[in-house]
1. Can you list the helices (runs of 4 or more DSSP H) lying wholly within the range 1-118 that have 3 or more residues being free of Cβ contacts under 8 Å to residues at least 24 places away in the same chain and either farther than 21 Å from Val180 by Cα or of a type in the set (Val, Ile, Thr) (or both)?
2. Hey, does the range 62-71 have a residue that's surrounded by fewer than 16 Cβ atoms within 10 Å (Cβ to Cβ) and at pLDDT 85 or above?
3. May I ask you to list pairs of residues, at least six apart or on different chains, whose Cβ atoms are under 7 Å apart, with the first in the range 284-307 being in the same structural domain as Gly156 (by TED's automatic domain parsing) and the second being among the aromatic types (Phe, Trp, Tyr) and modelled with pLDDT of 95 or more?
4. With respect to Val46, determine if the residue is over 19 Å from Val15 (Cβ atoms) and not aromatic (Phe, Trp, Tyr).
5. Within the range 199-213, identify whether any single residue is assigned by TED's automatic domain parsing to the domain that holds Ala163, buried (at least 16 other Cβ atoms within 10 Å of the Cβ) and among the basic types (Lys, Arg), and answer yes or no.
6. Do we have Ser104 as modelled with pLDDT of 85 or more, surrounded by 13 or more Cβ atoms within 10 Å (Cβ to Cβ) and not acidic (Asp, Glu) here?
7. For Val152, are the conditions met, namely being in the same structural domain as Lys276 (by TED's automatic domain parsing) and at pLDDT 75 or above?
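The values are calculated or read from the model by the stated rules, or taken from the named source; none is laboratory data. As the structure is a computational prediction, the values presented were derived from the model and not from experiment. When we count neighbours, we look across all protein chains shown, and the Cβ atoms used for this are built from the backbone with ideal geometry, even at glycine.
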Amino acid sequence: IISSSVFAIKSMISVFFLFSSIVVFLIHSVPEEYKSVFFLTFGIAVFQSMFPSWHFQAAEKMHFITGCNSIPKLIFTGMIFIVVNTPNDVWKVQACLFAGAFVSFATAIVVLRTKFNFKLEISFKDINKQLKDGYSIFVARIASGLYKNFNVLILGFFAGTAAVGAYSIAERILRSAQMVQNVIGDTLYPSFAKGFTGDPGFFKKSSQKYKWHIIVTYTAASLILFYLSDFIGHVIGRTSSVEVASCLKIMAPAFLFGGLNYVCAILGMTSCGYSKQFSLCVIATGIFNVVCSTVLSYLYSYHGTSLALTLSELFLLCLVLLFSKRIGVL
């Protein structure tokens, strides 16, 4: 029932944004090649959001997430290097990513039907209940997405597309690295939630036992990212290698701060039932990021935007630690 409600809610949101996008395109004249790229990207976002990772986590069958989600996407991402040959093949990149997202979603649905005997049962009463129960996390996700995407918009306004390109490549590399730790965290989340149900001090005990392991691991990963920035920039950035590398070096500490945020906020506050407090932290960080990114982007272009990203992750970490100490999670 919960999964059916989640599917219904996400479908309604997707339809709303689809029609909103169509209206915008009807009002403003947009070249056809841009429309195709946009709708492919929109499709990627929809199928990624619809992937039922929550169902597999609740059932503690996280290996299905790896099999259904990661493998198809890796295959179709690899196809990019085969099908893209000229600058005019930009749409093929999004087409490959769209195909990967669609196959991942379709495979997951097949698994739900065959392994879990899932049937779509839509109830407006249950949908309303899920919206109320998950409101805090929903607000946190929306606020997080808005402030992370704001950086690209404000940088484009002040510095132009070239600066946006360098920053976006570096940010995508950082987010890709963070995705690995998110998969691990998503795998551990059900265990922490179950542990809290049996013992309210479960996360506090676990964090005290493993805190130095976690800090050292994330610090080492951040240092590796920093020292490999020049190489990564050369391989991926090509003509913008210097700019991409410099952005990556500034963003490297964000991997440490973001990782600790994930552990303390998602595995800690959220699994312990403090989603509302976490959403307040994210909203405050969003406001901080808007101000910080606007000022620094205006003064220092893509370097300033990269610094704003790192400072925002640090700001969020400080708030999360403050709240966690106050409510007894840490």
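1. Those helices (runs of 4 or more DSSP H) span 2-27, 32-50, 71-83, 90-115.
2. no
3. Correct list of pairs: Thr285/Phe315; Phe288/Phe315.
4. Taking the combined requirement at face value, the residue does not satisfy it.
5. yes
6. Numbers: modelled with pLDDT of 85 or more: yes; surrounded by 13 or more Cβ atoms within 10 Å (Cβ to Cβ): yes; not acidic (Asp, Glu): yes.
Yes: the conditions hold for Ser104.
7. In short, yes.
Conditions (1) over 22 Å from Ser275 (Cβ atoms); (2) among the polar types (S, T, N, Q); (3) buried (at least 17 other Cβ atoms within 10 Å of the Cβ), marked per residue:
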| position | (1), (2), (3) |
| --- | --- |
| Ala140 | no, no, yes |
| Phe157 | yes, no, no |
| Tyr167 | yes, no, yes |
| Leu174 | yes, no, yes |
